[in-house]
Amino acid sequence: MDIISADMRTTNAKAKQLRRSGIIPCVIYGSGLKESLSIQIDQSTAQQLKRMKRNGSMVDIRVGGKTYHTLIKDLEYDNLLDEVVHISFLMLETGKKVNSVADIVLLNKDKVQGILEQIQMQIPHAAEPEYLLDTVAIDLDGRPAGTVILVEDIPEFMSDQIELRTDPGSIVLRINRKKRADARPMRVAE
């Protein structure tokens, strides 16, 4: 899903009516636009976008022959109806920093010898479009109990091109030792 196609949306169409007919209302906004663009995509494209991307992911959108380089700022989802409700896209401009979040993906969780505690699921940061981070993977294979990983321990966030929006010394995850069962038998009161 490199480029998604969208159509311009008329403002007189009600969002609820659009959703009933399988169309999801969206908006593209940003300082590079004179005014926000009200657009629409079909539900199947929106669902595919939800499966493959997340808030903070970059997406190119083609509308009326023009392609917009954007960032998903807000993907609203209704869990009860199991459908996307609305998507807000921020138009990216070359050379201009933008705020985003990078999802933390943990690899080899099943190999952890201890109790894994993930404190942060996303790391807020700012960067120019070409340096934005979508996801950052941390491999847990071979990490012993007692391991603590801070934001500053993740090389991708220590780049000169990335401006952190959180404390570099904050904890991302830790691996605690397993609790030992008490070896003494319990006495039952008579």
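Just to verify a result, which residue in the stretch 15-37, among those that are of a type in the set (S, T, N, Q) and assigned to a loop (DSSP other than H, G, I, E, B), is farthest from SER100 (Cα to Cα)?
Filtering the stretch 15-37 down to residues of a type in the set (S, T, N, Q) leaves 17, 21, 31, 36.
Then drop every residue that is not assigned to a loop (DSSP other than H, G, I, E, B), which leaves 21, 31, 36.
Details: SER21: 32, SER31: 16, SER36: 19 Å.
Within the stretch 15-37, the match that is farthest from SER100 (Cα to Cα) is SER21.
Whenever a residue of the stretch 1-12 is among the polar types (S, T, N, Q), its partners that are at pLDDT below 95 and part of a strand (DSSP E or B), lying with C-beta atoms within less than 7 angstrom and at least six residues away or across chains, give the pairs THR11/SER38. Can you pull out every residue in the stretch 148-164 that is crowded, with 18+ Cβ neighbours inside 10 Å and closer than 25 Å to LYS96 by Cβ? Of everything in the stretch 148-164, those that are crowded, with 18+ Cβ neighbours inside 10 Å and closer than 25 Å to LYS96 by Cβ turn out to be VAL151, ILE154, PHE157, ILE162. Can you tell me which residue is farthest from the chain's Cα centre (by Cα) among those in the stretch 1-51 that are among the polar types (S, T, N, Q) and under 21 Å from ASP134 (Cα atoms)? The selected residue is THR45. In the stretch 64-97, which residues are more than 18 Å from ARG9 (Cα to Cα) and small (Gly, Ala, Ser)? If the condition is that a residue be more than 18 Å from ARG9 (Cα to Cα) and small (Gly, Ala, Ser), then GLY95 is the only one that fits.
The set of residues in the stretch 66-110 that are among the aromatic types (Phe, Trp, Tyr) and touching a helix residue (DSSP H, G or I) at 6+ places or on another chain (Cβ under 8 Å) contains only TYR77.
Here ALA137 passes the criteria (1) in a strand (DSSP E or B); (2) at pLDDT below 95; (3) surrounded by fewer than 14 Cβ atoms within 10 Å (Cβ to Cβ) except the one numbered (2). Of everything in the stretch 80-124 that is without any contact (Cβ under 8 Å) to a residue 40 or more places away in the chain and β-branched (Val, Ile, Thr), the residue that is farthest from GLN40 (Cα to Cα) is VAL105. If the condition is being basic (Lys, Arg) and either surrounded by 12 or more Cβ atoms within 10 Å (Cβ to Cβ) or modelled with pLDDT under 90 (or both), then the stretch 1-46 contributes ARG9, LYS14, LYS16, ARG19, ARG20. Here is the figure for the stretch 52-68: residues that are under 18 Å from THR135 (Cα atoms) and not hydrophobic (A, V, I, L, M, F, W, C) total 6.
Of all the numbered requirements in (1) closer than 26 Å to ILE104 by Cβ; (2) in a strand (DSSP E or B); (3) in contact with a Leu (Cβ under 7 Å, 6 or more places away or on another chain), GLN40 misses one, and that requirement is (1).
The values are calculated or read from the model by the stated rules, or taken from the named source; none is laboratory data. Predicted model, so just to flag it, every value in this text is computed and none were measured. Don't worry about glycine lacking a Cβ; one is built from the backbone with ideal geometry, like all the others, and counts go over all protein chains shown.
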